[in-house]
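The values are calculated or read from the model by the stated rules, or taken from the named source; none is laboratory data. Remember, predicted model here, so these are calculated numbers, not experimental data. Here the Cβ positions follow ideal geometry from the backbone for every residue, glycine too, while neighbour counts run over all protein chains shown.
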Amino acid sequence: MTVNMASLPHQITFDCADAYTLAQFWSQVFERPLHDDDHPGDPMALIPFEAGPGVLFIGVPEGKTVKNRLHLDLMPTDRTRDEEVERLMAAGGRIHEDHRRDDGTGWVTMLDPEGNEFCVERSQAERAG
């Protein structure tokens, strides 16, 4: 019997102006520390995870000019969607588009400090309720 092996994602990579600074924001989002070798001014910074791909930030000279073709959808684990949006705003994110509905469904599209889009969905507890 032949077993085929597929490729697995190793890193999710963000091109950015300041790798260390943007990684610090996302470190707060994920509540995970940066790699021990990362320091201010480094051209790359990594948020490693015990399981699954890490999130890598690489400094590039050109700025972001258009909407992301790929973005992250975040689901809070121990907060409501609205509490998570408030926490991420306090960390430096900002609301881009608000798709919350009166019945509690919907999501919020946010921007990180360099303008990369990401969405905050309802938590599993909110979906079950």
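Observations
- Restricting Glu50, Glu31 to residues that are among the acidic types (Asp, Glu) and either under 26 Å from His96 (Cα atoms) or modelled with pLDDT of 95 or more (or both) narrows the list to Glu31.
Yes or no, residue by residue, for (1) assigned to a strand (DSSP E or B); (2) assigned by TED's automatic domain parsing to the domain that holds Phe14; (3) within 16 Å of the chain's Cα centre (by Cα):
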position	(1), (2), (3)
Met89	no, no, yes
Ile95	yes, no, yes
Arg101	no, no, no
Gly106	no, no, no
Gly115	no, no, yes
Phe118	yes, no, yes
Ala125	no, no, no
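- Arg69 vs. criteria out of contact with any Cys (no Cβ under 6 Å at 6 or more places or on another chain), in a helix (DSSP H, G or I), of a type in the set (D, E, K, R) and modelled with pLDDT under 95: no
- Qualifying positions in the stretch 48-79 - more than 20 Å from Tyr20 (Cβ to Cβ) and among the acidic types (Asp, Glu): Glu50, Asp73, Asp78
- Within the stretch 43-81, tally of residues that are closer than 26 Å to Arg127 by Cα, touching a Ser or Thr at 6+ places or on another chain (Cβ under 9 Å) and not acidic (Asp, Glu): 7
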